[in-house]
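Read through the structure below, which is laid out as structure tokens, and then see the notes.
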Amino acid sequence: MNGADTATPELVLAWTAGWAVSRETPAPVEQPWGVRIDVGQLHHVARHVLPAADEAAVRGVVAAVTVPATHLKAFVDVERVAGWLTPDWTEGDHGHLMATALRGSAARVPAGYRLAVETAAGVTRARVFAADGSLAARGQVAPVGDAAVVDQVETHPAHQRRGLGSVVMRTLANEAVERGATTGILGATHEGRALYETLGWAVAAPVTAFVYRAVNAPSSGSSWVGEPGSGSELRESSNASVSGFGSGLTIPTPT
């Protein structure tokens, strides 16, 4: 997979639908330029996703949006989108839309850890707990039709470089396959891209992100490696190894 040739509108819309299920937001609403999701957070009120971004589509969003903290996601180069926006729009967390053909594989939990899997409201969550009962790694997947969107994959810094990310990713893939999914989709940070590639994921397109009159997100005080506010991504901190938006990693999950 490479670039816009494989980032079909169907792939983008499947990712968007799965993201909404995973984040428990209202379903995406069709717009002339793509879809809108009402996220309902102070720093992320809504997001407009443009499966086929051209100048007319982007300018249509610009003309329609009046609420601060509204996000825009497009699947073309940053420079192209930036030229169609007004100064009220600032760059968000860019990343990569990635996909893979799902297949089952063994998810071997390292000694001293315990894996728990649960499904509720269409979302399957995998959690790895340490011997003391603390949460060491986690992730979730939302199947939508024959696709499955991986989201919110993280490994706690104290438990990185132990393959827990790989356990989470493989577990989520197995669960998705059991539910009939054949294609995995996620949004990855720049850091997470390399990690997912080691697990067989490939980049389908860039994810370009902009925010209208951005509002700073409140700090959670967490030291976990997570995603940059978009969806599913794999990434990790600079002083840790990796697992999990794939490989014996420590995880971080555009988006």
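Going by what's in this entry, would G133 be described as in a loop (DSSP other than H, G, I, E, B) and at pLDDT 95 or above?
yes
Can you name the residue in the range 150-184 that is part of a helix (DSSP H, G or I) and of a type in the set (D, E) and is also surrounded by the most Cβ atoms within 10 Å (Cβ to Cβ) among such residues?
Taking the candidates together, the pick is E175.
Kindly indicate whether any position in the range 220-227 is farther than 30 Å from P87 by Cβ, under 14 Å from the mean Cα position of the chain (by Cα) and modelled with pLDDT of 50 or more.
no
Return only the number of the condition from (1) surrounded by 14 or more Cβ atoms within 10 Å (Cβ to Cβ); (2) in a strand (DSSP E or B) that D93 does not satisfy.
D93 satisfies all of (1) surrounded by 14 or more Cβ atoms within 10 Å (Cβ to Cβ); (2) in a strand (DSSP E or B) except (2).
Closer than 18 Å to P206 by Cα and either assigned by the TED database to the domain that holds A142 or assigned to a loop (DSSP other than H, G, I, E, B) (or both): is that true of A53 in this structure?
Judged against the criteria, A53 is a match.
Does the range 112-121 contain at least one residue that is under 29 Å from P68 (Cα atoms) and not in a loop (DSSP other than H, G, I, E, B)?
Within the range 112-121 (the criterion being under 29 Å from P68 (Cα atoms) and not in a loop (DSSP other than H, G, I, E, B)), the answer is no, since none of the residues qualifies.
Residues checked against (1) touching a Lys or Arg at 6+ places or on another chain (Cβ under 9 Å); (2) acidic (D, E):
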{"site": "E24", "(1), (2)": "no, yes"}
{"site": "A27", "(1), (2)": "no, no"}
{"site": "D38", "(1), (2)": "yes, yes"}
{"site": "Q41", "(1), (2)": "no, no"}
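Here's the yes/no breakdown for (1) in contact with a Cys (Cβ under 7 Å, 6 or more places away or on another chain); (2) modelled with pLDDT of 95 or more; (3) in the same structural domain as A111 (by the TED database):
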position: V150; (1), (2), (3): no, yes, yes
position: T155; (1), (2), (3): no, no, yes
position: S166; (1), (2), (3): no, no, yes
position: V177; (1), (2), (3): no, yes, yes
position: E191; (1), (2), (3): no, no, no
position: Y196; (1), (2), (3): no, no, no
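Confirm whether W15 is modelled with pLDDT of 95 or more, under 26 Å from T124 (Cβ atoms) and in contact with a Leu (Cβ under 7 Å, 6 or more places away or on another chain).
Here the answer is yes, as W15 does meet what is asked.
Quick check on my filter: what residues within the range 185-199 are part of a helix (DSSP H, G or I) and among the aliphatic types (A, V, I, L, M)?
Matches in the range 185-199: A194, L195.
Quick test for you: out of G60, G83, G92, G112, pick the one residue that is in contact with a helix residue (DSSP H, G or I) (Cβ under 9 Å, 6 or more places away or on another chain) and among the small types (G, A, S).
G83
Do you know which of the residues in the range 185-200 that are hydroxyl-bearing (S, T, Y) and under 23 Å from A20 (Cβ atoms) is surrounded by the fewest Cβ atoms within 10 Å (Cβ to Cβ)?
Once the filter is applied, the top-ranked residue is T189.
The values are calculated or read from the model by the stated rules, or taken from the named source; none is laboratory data. Bear in mind the structure is a predicted one, so any value in this text is a computation, not a measurement. Cβ: placed from backbone, ideal geometry, glycine included. Neighbour counts: every protein chain shown.
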